[in-house]
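Just below is one structure, and these are the notes that go with it.
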Amino acid sequence: QVQLVESGGGLVHPGGSLRLSCEASGSIFSINAMGWYRQAPGKQRELVATRLSGGSTDYADSVKGRFTISRNNAKNTVTLQMNSLEPEDTAVYYCNADIKRLSYTRSQNYWGQGTQVTVSS
């Protein structure tokens, strides 16, 4: 069994900062991509940022320069530092990871339960 557990969401004023964290636990051999998606009310879930185990990153254009993703491969954690938050960043943020549970199995995609981020004055 594999679990992704997020923490760090909340309410913040425009221009403020929040830090989201996610830890993968359970039977894990390796993690390739690990990152964050978000879903605002009435909208489709979208990629926010992702980081491969080798270090390469990908960001949504809307968050470039404001959000930073980092990983601790030894601890199976990923963190999203969100600065200069805007009301348009309001959404449920989901941790996502491609995980191999055994050396000889294919990767499977896992999701966390989501954490609410609200940016409002």
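The values are calculated or read from the model by the stated rules, or taken from the named source; none is laboratory data. Since the model is a prediction, treat every value here as computed from it, not as a measurement. We place every Cβ from the backbone using ideal geometry, glycine too, and count neighbours over all the protein chains shown. Quick note on the areas: whole protein, heavy atoms, side chains included, nothing else; ligands and nucleic acids left out. Shrake-Rupley method; radii C 1.70, N 1.55, O 1.52, S 1.80 Å.
Some observations on this one:
- Karplus-derived 3J(HN,Hα) values for segment 92-106, using 6.51 cos²θ - 1.76 cosθ + 1.60 with θ = phi - 60°, are 8, 9, 10, 7, 9, 8, 9, 10, 9, 7, 9, 4, 9, 9, 7 Hz; glycine and proline are entered as x.
- Computed with a 1.4 Å probe over protein heavy atoms only, the accessible surface of the chain comes to 54 Å² per residue.
- Portion, in percent, of the accessible area of segment 10-121 that falls on carbon or sulfur, probe 1.4 Å: 46 percent
- Rough spin-label spacing in nm, given labels placed 7 Å along Cα→Cβ, for Lys75 and Leu102: 3.0 nm
- Percentage relative contact order, the chain, counting C-alpha pairs under 8 Å, at least six apart: 36 percent
- Anchor Lys64: aspartates and glutamates whose Cα lies under 17 Å away (excluding residues fewer than 8 positions away in-chain): Glu46, Glu86, Glu88, Asp89
- Cβ-defined net charge surrounding Gly10, 15 Å radius [Lys, Arg +1; Asp, Glu -1]: 0
- Radius 10 Å from Cβ of Gly35, net charge of other residues (Lys, Arg +1; Asp, Glu -1): 0
- Gain upon complete extension [Arg45, Ser84; 0.36 nm per residue less C-alpha separation]: 11.9 nm
- In a reduced charge model with +1 at each Lys and Arg Cβ and -1 at each Asp and Glu Cβ, the chain shows a dipole moment near 360 debye about its Cα centre.
- Cut-off under 5 Å, modelled amide H: who pairs with Phe67 long-range: Asn83
- Anchor Lys100: aspartates and glutamates whose Cα lies under 20 Å away (excluding residues fewer than 8 positions away in-chain): Glu6, Glu23
- For the chain, the longest site-free run once trypsin sites (Lys or Arg not before Pro) in DSSP loop states with at most 12 other Cβ atoms within 10 Å are removed: 1-42
- Estimated at 0.36 nm per residue, the fully extended path between Ser53 and Thr118 surpasses their Cα-Cα distance by 20.5 nm.
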